Amino acid sequence: MAKAVWWKQGPIYQIYPRSFFDAGGDGVGDLEGVRRKLDYIAGLGATGIWLSPVYPSPMVDFGYDISNYRDIDPLFGSLEDFKRLLGDAERRGIRIIMDMVLNHSSDRHPWFVESRTGRDSPKRDWYIWRGGRKGGRGYPNNWMGAFGGRAWKHDGETGEYYLHLFTEAQPDLNWRSNAMKKAMFEELRFWLDLGVKGFRLDVINYLVKDAQFRNNPYRLRLTFPRRHDLQTHIMDRNQEETFGIVRELRALMDQYDETMLVGEVYPDEGVHDPALAGRFLGGGDDGLHLAFDFSPIYTPFKADRMESCLKSWYEKIPPGGWPCHVLSNHDQSRAATRLGGGDDRINRLLALLLLTQRGTPFLYYGEEIGMVDGRLKRRELRDPVGVKYYPFHPGRDRSRTPMQWDDSPNAGFSAAAPPAGPWLPVNPDYRERNVAGAERDPSSILHWYRDLIQLRKTHEALHSGEIEFLPHHPREVLMYERRGGDERLLGVLNFSRRPQTVSLPLSAETLISTGRAKGSPWGKELTLAPLEAGLFRLLPEGF
Ligand code: NOJ
């Protein structure tokens, strides 16, 4: 059987280290905590881990504000801890990719500190400095920060503004500076030489800005009116030059074995733009290996909508390119809440969808036990977005609550005693929803995930095969064929709360299903239970 390279095989398991496992007992998860849970991750069947940022940082944006690209923040441990984690992961066949924030650094990074010292600083052009309009007092243009307010901060010392597309503690780096680019590439090399197998590239489509700093046009939106979202971001994102930098990044990666780059590509808020994500894959072998298309995250729980969303993503994958899929991450409401409303039947259906599509699945920690969003009180909020926009926008803490390991205090996440406790409150449902309980129950959602991942691993049709959506059937049912080796498999998912009957192209037998036993045979018609999701093997004609 053809074997897929690790990053095509997947799943890749995203860890938000602050919230995974706290071995140090200070209420914040750490690298040693991740290391101690490697057997759990290996048991799940993940081939890689994406670690959200662990570099030294003032933590204004919880690590997405890096003040040193070559070290580990003491909160998470040391470089030695990191190396130990890397080695132990490798022994289990798990690769580690780091989160890499190239668009901006922290304002405490020595590069920025130096850049700020004067207009003639040798690192002045490593960041984006502009004089004001209207005699120096007006903002250089109309760009807005994603986390509120203008994207420009006036600097009293030198009388110019610097650009920050996120908080003002995250100044944007200038990717038109070759010296900065060269220095940043050395930072990447540092981690590659240590043995990391790649990077998740934060907001990769933001890197280069319009050379003339022209205004963004405005657009009308009826949702929560963040001024940032009332602009079409054609000047501060997606510039042609960014694709050139991506090619250079790819060339760097190609000097190392089996490495992978996955880019976070953000279209305008609420817009589906698989074509944009697809462009970051270049010609298939000179762009990113993978790019996130977040369209499924904005798609409602409807079979026909999901089908057209997935189809349009596949259409945008260049020949030789490879898709990937994501339903949850540290910035979004968890799919179990957003789509599932806490109903495990929906969680199981989503798991089957994610793990039987063509392309690499990404799992967000806790997704495999059906963790739902936390409900936080105002004083419990930590995320700058939640704090700024309370009560109009929930912020992102809700999807970052501690991993629920067992039913002991703090869900087994941390031994930190009150009043300190975990950095974010544990979701009170941990008493019923936790890893230890799910391990003991063979019918739990955790076992469902494991079984599906195992199937994905052992069936070429799933990890490497083609996909075709079948015309059919009631609108509430999603049906697709996966073909590979000499096998034909069929995913059949009933998105409705009513039984639905579909016609199959051939007779089939059940590989796995929420509604029937493994091995059960089917004629050319199949009646699905409400919300049933199953994977079937099509039997050759005559069976
Ligand atoms: C996208 C990251 O996913 C998010 O968590 C972060 O706040 C911003 N980029 C800024 O780095």
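Taking (1) open to solvent by 10 Å² or more (accessible area, probe 1.4 Å); (2) more than 30 Å from residue 270 (Cβ to Cβ); (3) within 16 Å of the ligand (Cβ to nearest atom) in turn, residue 158 satisfies each apart from (3).
On the stretch given as segment 450-483, residues that are open to solvent by less than 10 Å² (accessible area, probe 1.4 Å) and either at pLDDT below 95 or part of a helix (DSSP H, G or I) (or both) total 6.
Among the helices (runs of 4 or more DSSP H) confined to segment 1-90, the ones with at least 1 residues that are without any contact (Cβ under 8 Å) to a residue 60 or more places away in the chain and away from the ligand (no atom under 16 Å from the Cβ) are located at 31-36, 38-44.
Selection of segment 228-278 for residues being charged (D, E, K, R) and touching a Gly at 6+ places or on another chain (Cβ under 7 Å) yields 247, 250. Does segment 130-150 hold any residues that are more than 16 Å from the ligand (Cβ to nearest atom), surrounded by 15 or more Cβ atoms within 10 Å (Cβ to Cβ) and small (Gly, Ala, Ser), and which are they? Within segment 130-150, 132 is the sole residue that qualifies. Can you find even one residue in segment 487-505 that is more than 33 Å from the chain's Cα centre (by Cα) and among the aliphatic types (A, V, I, L, M)? Yes: one or more hits. Exactly one condition in (1) at pLDDT below 95; (2) open to solvent by 10 Å² or more (accessible area, probe 1.4 Å); (3) away from the ligand (no atom under 16 Å from the Cβ) is not met by residue 422; state its number. The single condition residue 422 does not satisfy is (1).
Filter segment 295-329 down to the residues that are among the hydrophobic types (A, V, I, L, M, F, W, C) and away from the ligand (no atom under 16 Å from the Cβ), then identify the one that is farthest from residue 372 (Cα to Cα). Top of the filtered list is 317.
Residues are listed down the side, and each one gets a yes or a no for (1) open to solvent by less than 30 Å² (accessible area, probe 1.4 Å); (2) under 30 Å from residue 319 (Cβ atoms); (3) under 24 Å from the mean Cα position of the chain (by Cα):
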{"position": "208", "(1), (2), (3)": "yes, yes, yes"}
{"position": "213", "(1), (2), (3)": "no, no, no"}
{"position": "217", "(1), (2), (3)": "no, no, no"}
{"position": "269", "(1), (2), (3)": "no, no, yes"}
{"position": "277", "(1), (2), (3)": "yes, yes, yes"}
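Only one entry in 468, 476, 460, 481 is closer than 24 Å to residue 313 by Cα, touching a Leu at 6+ places or on another chain (Cβ under 6 Å) and of a type outside the set (Gly, Ala, Ser), namely 481. Only one of 235, 253, 260 is over 14 Å from residue 97 (Cα atoms), in the same structural domain as residue 294 (by TED's automatic domain parsing) and open to solvent by less than 40 Å² (accessible area, probe 1.4 Å); which? Exactly one residue qualifies, and that residue is 235.
For segment 107-129, the count of residues that are outside any helix (DSSP H, G or I), within 30 Å of residue 34 (Cβ to Cβ) and open to solvent by less than 20 Å² (accessible area, probe 1.4 Å) is at least one.
Table: residues versus (1) of a type in the set (D, E, K, R); (2) touching a Phe, Trp or Tyr at 6+ places or on another chain (Cβ under 7 Å); (3) within 30 Å of residue 45 (Cα to Cα).
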| residue | (1), (2), (3) |
| --- | --- |
| 78 | no, no, yes |
| 82 | no, no, yes |
| 86 | no, no, yes |
| 90 | yes, no, yes |
| 97 | no, yes, yes |
| 100 | no, yes, yes |
| 112 | no, yes, no |
| 119 | yes, no, no |
| 124 | yes, no, no |
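A residue that is outside the structural domain of residue 182 (by TED's automatic domain parsing), closer than 25 Å to residue 193 by Cβ and more than 16 Å from the ligand (Cβ to nearest atom) can be found somewhere in segment 113-125. Within segment 388-407, the set of residues being within 13 Å of the ligand (Cβ to nearest atom) and open to solvent by 10 Å² or more (accessible area, probe 1.4 Å) comprises 388, 396.
Please indicate, with yes or no, whether at least one residue in segment 164-173 is open to solvent by 10 Å² or more (accessible area, probe 1.4 Å) and more than 16 Å from the ligand (Cβ to nearest atom). No, every residue in segment 164-173 fails to be open to solvent by 10 Å² or more (accessible area, probe 1.4 Å) and more than 16 Å from the ligand (Cβ to nearest atom). Of everything listed in (1) within 23 Å of residue 349 (Cα to Cα); (2) more than 16 Å from the ligand (Cβ to nearest atom); (3) surrounded by 20 or more Cβ atoms within 10 Å (Cβ to Cβ), the single unmet condition for residue 292 is (2). Within segment 330-341, does at least one residue satisfy the condition of being farther than 29 Å from residue 488 by Cβ, surrounded by 23 or more Cβ atoms within 10 Å (Cβ to Cβ) and within 16 Å of the ligand (Cβ to nearest atom)? Checking segment 330-341: at least one residue is farther than 29 Å from residue 488 by Cβ, surrounded by 23 or more Cβ atoms within 10 Å (Cβ to Cβ) and within 16 Å of the ligand (Cβ to nearest atom). Say whether the condition of being surrounded by 20 or more Cβ atoms within 10 Å (Cβ to Cβ), under 15 Å from the mean Cα position of the chain (by Cα), farther than 26 Å from residue 404 by Cβ and in contact (Cβ under 8 Å) with a residue 12 or more places away in the chain is met by at least one residue in segment 307-323. Scanning segment 307-323 turns up at least one residue that is surrounded by 20 or more Cβ atoms within 10 Å (Cβ to Cβ), under 15 Å from the mean Cα position of the chain (by Cα), farther than 26 Å from residue 404 by Cβ and in contact (Cβ under 8 Å) with a residue 12 or more places away in the chain. Filtering segment 368-388 for residues that are assigned to a loop (DSSP other than H, G, I, E, B), touching a residue at least 12 places away in the same chain (Cβ under 8 Å) and over 30 Å from residue 167 (Cβ atoms) leaves a non-empty set.
The values are calculated or read from the model by the stated rules, or taken from the named source; none is laboratory data. Just so it is clear, the structure is predicted and the values come from calculations on it, not from any experiment. Note that we place each Cβ from the backbone using ideal geometry, even for glycine, and neighbour counts take in every protein chain shown. The protein model used for the area step is the full one, side chains on, heavy atoms only, and it has no ligands, DNA or RNA in it. Shrake-Rupley method; radii C 1.70, N 1.55, O 1.52, S 1.80 Å.
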